[in-house]
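Asks: Below: one structure in structure tokens.
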Amino acid sequence: MPIEHDVLIVGAGLAGMRAAIAAHDAGVDVGVITKVHPVRSHTCCAQGGINGALGDDDSWEAHMFDTVKGADYLGDQDAIEVMTKEAPHDLIELEHMGCPFSRNDDGTVAQRPFGGAGFPRTAYAADISGFVILHTLYEQCLKRGILFYEEWFLLDLVLNDGRAAGIVAVDIVSGKLHEMGAKAVIFATGPTSRVYEASSNSVDCTGDGTAVAYRAGLPLMDLEFVQFHPTGLRNGVLVTEGCRGEGGILVNSEGERFMKNYAPNKMELASRDVVSRAEAEEMAAGRDIDGFIMLDLRPIGTEKIKTRLLQVRELSMDIAGVDPCLAPIPIRPTPHYFMGGIKVDVDGRAPSVSNFFAAGEVSCVSVHGANRLGGNSLLDGLLFGRRAGQAAAETAKQSASAAAFPAGSLTRVEAQIKKLAGRKKGERHAGIRAELQHLMFRDVGIYREKEALESAVAAVAALKKRYARVVVQDKGKRFNTDLLQTLETGHLLDIAECIAIGALNREESRGSHARRDFTERDDKTWLRHSLYTHTPRGPRCDYAPVTITRFQPEERSY
Ligand SMILES: Cc1cc2nc3c(=O)[nH]c(=O)nc-3n(C[C@H](O)[C@H](O)[C@H](O)COP(=O)(O)OP(=O)(O)OC[C@H]3O[C@@H](n4cnc5c(N)ncnc54)[C@H](O)[C@@H]3O)c2cc1C
């Protein structure tokens with residue numbers, strides 16, 4: 001007897017758990033599967049905070065404009081309007097659920113300035129914002145008795161005649177495969193940035209849901225837009241934009257506060273693409289110190305560092321060997337966030353498959369366009385997670401039963417796993433993954449150009465060929481992380497192929513996509529979304545219009 005729920009959610013991070021709460025509260029039965037324990041989901045790494053126009057002087061219109069401009073006009077403005085209008089409601093709701101936001105002296109929720117924002121509108125809990133949000137949502141799920149399948153791994157999305165019927169998943173502990181049926185399925189599987197070397201993301205951020213949906217025929221959108229965060233430590237671990245929001249400054253090897261040459265008005269609080277490129281320029285000009293730029297937090301003062309940037313101080317001491325109260329932290333741009341993902345509308349609905357939804361970083365609504373503003377991602381996951389949960393619950397209520405699994409759905413996946421696990425000789429996946437991450441960082445990084453991109457496309461194709469003969473050494477069933485990581489590497493390869501091809505196709509510079517050979521934004525040709533649809537020969541690329549409502553594209557400067 002297969003497992004069945006009204007709404008089945010894959011992913012127990014911010015978006016997945018918020019969706020679960022919303023669906024449960026709408027009166028349907030919910031199941032959530034997750035490959036890691038819910039509170040170990042990657043959201044727990046988020047430090048800086050979550051955006052919403054709560055202040056008297058702020059407004060959703062101002063938040064909307066900052067987001068549209070930050071996105072370099074590629075975001076869909078109808079969706080951005082929904083997000084910025086509803087943000088205060090969702091933040092207050094989260095606060096009422098028990099989220100312990102930091103406070104002003106008068107007891108109101110404190111908000112700090114963030115990059116690209118005209119007002120201090122990032123609500124935070126010191127520098128552990130994601131951690132406390134995740135724990136708040138988990139408590140709410142436990143209170144409601146929502147059922148979690150912890151340490152279960154998504155293998156396949158099952159469709160029946162254009163409708164989501166459920167998934168095939170493996171219980172990691174036993175190694176047993178399961179069919180899980182549902183009237184509505186939500187993917188909330190989070191980030192993909194482990195396609196890159198030195199990523200700020202957790203090791204489990206391997207784009208599983210993105211790749212599984214893509215292989216099932218769902219189009220992915222705008223994957224070529226990959227954000228590099230300006231302040232990564234040596235190994236990619238991040239120190240939050242909140243460091244600069246609180247008054248930290250960036251200096252080069254000559255002690256110069258170089259952002260005055262790139263963004264004279266916003267300085268360190270220009271949008272992330274601008275600051276990361278400025279750092280890359282300084283490094284290319286030799287004004288780095290052993291490959292690093294310096295982030296000086298001393299202007300903030302010891303007291304504030306120790307209370308508001310507690311985790312940043314610990315990470316700096318542990319990883320860089322520097323106490324930021326005493327000396328600047330060596331940092332450099334690090335691959336951080338995918339603006340693209342599974343194409344969905346503001347209710348998380350995918351256009352081409354009914355009863356299927358996606359929310360959080362796996363999805364592309366699109367509210368971040370070509371460059372996301374700091375603090376807008378937690379908002380995206382919270383708010384569109386809620387909306388997807390509500391919409392999925394309504395869909396489930398209108399469906400008499402879950403769609404049947406087509407015959408052989410489970411045995412087909414079983415056979416694929418058997419073939420992979422049964423191979424006796426070959427290369428292990430780890431070398432392929434490391435080469436992929438390295439070449440993506442080098443050739444499809446902050447700056448891009450034709451020759452390097454062509455070489456990346458060819459190199460990814462070659463790695464895919466090697467992957468087709470990959471071997472899994474662990475032949476056991478229980479907790480076979482060798483097998484799971486091999487599958488993850490396969491996901492990364494499919495996604496890398498889309499990124500590299502999309503970046504090569506897009507002959508302009510916009511937001512995070514900076515071409516050395518096409519340095520200008522080209523609205524005439526390229527003010528459009530890229531869509532990637534899976535075919536046996538690789539992605540088919542199509543394009544879709546951007547929705548412009550209130551703000552006509554204009555030149556972007558900070
Ligand atoms: C270091 C860092 C700091 C950040 N700080 C901020 C910030 O201050 N403000 C902000 O707005 N944004 C921030 N971000 C971005 C933000 O944290 C993420 O975009 C957001 O938390 C993603 O939430 P999510 O629910 O989509 O994914 P996640 O929290 O990653 O959850 C994904 C879930 O999917 C599950 N899953 C994945 N694959 C499978 C599979 N194959 N089978 C079963 N389950 C699976 C995982 O187990 C997990 O439960 C930061 C990001 C990083 C890396």
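Asks: Take residue 267 and tell me if it is without any contact (Cβ under 8 Å) to a residue 40 or more places away in the chain, in contact with a Lys or Arg (Cβ under 9 Å, 6 or more places away or on another chain), open to solvent by less than 50 Å² (accessible area, probe 1.4 Å) and within 23 Å of residue 66 (Cα to Cα).
Replies: For residue 267, the condition - without any contact (Cβ under 8 Å) to a residue 40 or more places away in the chain, in contact with a Lys or Arg (Cβ under 9 Å, 6 or more places away or on another chain), open to solvent by less than 50 Å² (accessible area, probe 1.4 Å) and within 23 Å of residue 66 (Cα to Cα) - is met.
Asks: Could you please let me know if residue 90 is within 13 Å of the ligand (Cβ to nearest atom) and farther than 30 Å from residue 556 by Cα?
Replies: Considered against the rule, which asks whether it is within 13 Å of the ligand (Cβ to nearest atom) and farther than 30 Å from residue 556 by Cα, residue 90 comes out as no.
Asks: Inspect the stretch 225-236 for any residue being β-branched (Val, Ile, Thr), within 17 Å of residue 48 (Cβ to Cβ), at pLDDT 95 or above and not in a helix (DSSP H, G or I) and give the result as yes or no.
Replies: Scanning the stretch 225-236, I find at least one residue that is β-branched (Val, Ile, Thr), within 17 Å of residue 48 (Cβ to Cβ), at pLDDT 95 or above and not in a helix (DSSP H, G or I), so the answer is yes.
Asks: Could you say whether any residue in the stretch 115-138 is among the polar types (S, T, N, Q) and without any contact (Cβ under 8 Å) to a residue 60 or more places away in the chain?
Replies: Taking every residue of the stretch 115-138 in turn, at least one turns out to be among the polar types (S, T, N, Q) and without any contact (Cβ under 8 Å) to a residue 60 or more places away in the chain.
Asks: Here's a follow-up. Name the residues in the stretch 191-210 that are near the ligand (Cβ under 7 Å from one of its atoms) and open to solvent by 30 Å² or more (accessible area, probe 1.4 Å), would you?
Replies: The answer is 204, and nothing else.
Asks: Can you tell me which of 185, 212, 274 is farther than 26 Å from residue 348 by Cα and not in a loop (DSSP other than H, G, I, E, B)?
Replies: Unique residue meeting the criteria: 274.
Asks: Does residue 23 satisfy the criteria of being among the small types (Gly, Ala, Ser) and outside any helix (DSSP H, G or I)?
Replies: Here the answer is no, as residue 23 does not meet what is asked.
Asks: Could you check the stretch 443-472 and list, in sequence order, the residues that are among the basic types (Lys, Arg) and without any contact (Cβ under 8 Å) to a residue 24 or more places away in the chain?
Replies: The answer is 465, and nothing else.
Asks: Considering only the stretch 21-54, how many residues are out of contact with any helix residue (DSSP H, G or I) (no Cβ under 6 Å at 6 or more places or on another chain), under 16 Å from residue 358 (Cβ atoms) and hydrophobic (A, V, I, L, M, F, W, C)?
Replies: Count: 1.
Asks: Quick check on my filter: what residues within the stretch 467-490 are among the β-branched types (Val, Ile, Thr) and away from the ligand (no atom under 16 Å from the Cβ)?
Replies: 470, 471, 472
Asks: Continuing with the same structure: Could you count how many residues in the stretch 284-324 are outside any loop (DSSP other than H, G, I, E, B), surrounded by fewer than 19 Cβ atoms within 10 Å (Cβ to Cβ) and free of Cβ contacts under 8 Å to residues at least 60 places away in the same chain?
Replies: The total comes to 13.
Asks: Going residue by residue through the stretch 514-525, is there one that turns out to be open to solvent by 10 Å² or more (accessible area, probe 1.4 Å), within 25 Å of the chain's Cα centre (by Cα) and not basic (Lys, Arg)?
Replies: no
Asks: Could you list, in sequence order, the residues of the stretch 27-78 that are over 30 Å from residue 552 (Cβ atoms), of a type in the set (Ser, Thr, Tyr) and outside any loop (DSSP other than H, G, I, E, B)?
Replies: 34, 43
Asks: May I ask you to verify whether residue 164 is more than 13 Å from the ligand (Cβ to nearest atom), modelled with pLDDT of 95 or more and under 23 Å from residue 386 (Cβ atoms)?
Replies: Yes; evaluated as a whole, the condition is true for this residue.
Asks: Quick one: how many residues across the stretch 327-364 are of a type in the set (Asp, Glu) and buried (at least 24 other Cβ atoms within 10 Å of the Cβ)?
Replies: Final tally of qualifying residues: 1.
Asks: From the list 48, 70, 75, 16, pick out the single residue that is within 11 Å of the ligand (Cβ to nearest atom), crowded, with 20+ Cβ neighbours inside 10 Å and modelled with pLDDT of 95 or more.
Replies: Answer to the selection: 16.
Asks: Right, next: If you go through the stretch 51-67, how many residues are more than 18 Å from residue 92 (Cα to Cα) and open to solvent by less than 10 Å² (accessible area, probe 1.4 Å)?
Replies: 2
Asks: I need the full set of residues from the stretch 478-510 which are more than 19 Å from the chain's Cα centre (by Cα), farther than 23 Å from residue 454 by Cβ, of a type in the set (D, E, K, R) and surrounded by 15 or more Cβ atoms within 10 Å (Cβ to Cβ), in order please.
Replies: 482
The values are calculated or read from the model by the stated rules, or taken from the named source; none is laboratory data. As the structure is a prediction and not an experimental result, all values here were calculated from the model. Cβ: placed from backbone, ideal geometry, glycine included. Neighbour counts: every protein chain shown. Each accessible area value is taken on the protein alone, full model and side chains, heavy atoms only, with ligands, DNA and RNA left out. Shrake-Rupley method; radii C 1.70, N 1.55, O 1.52, S 1.80 Å.
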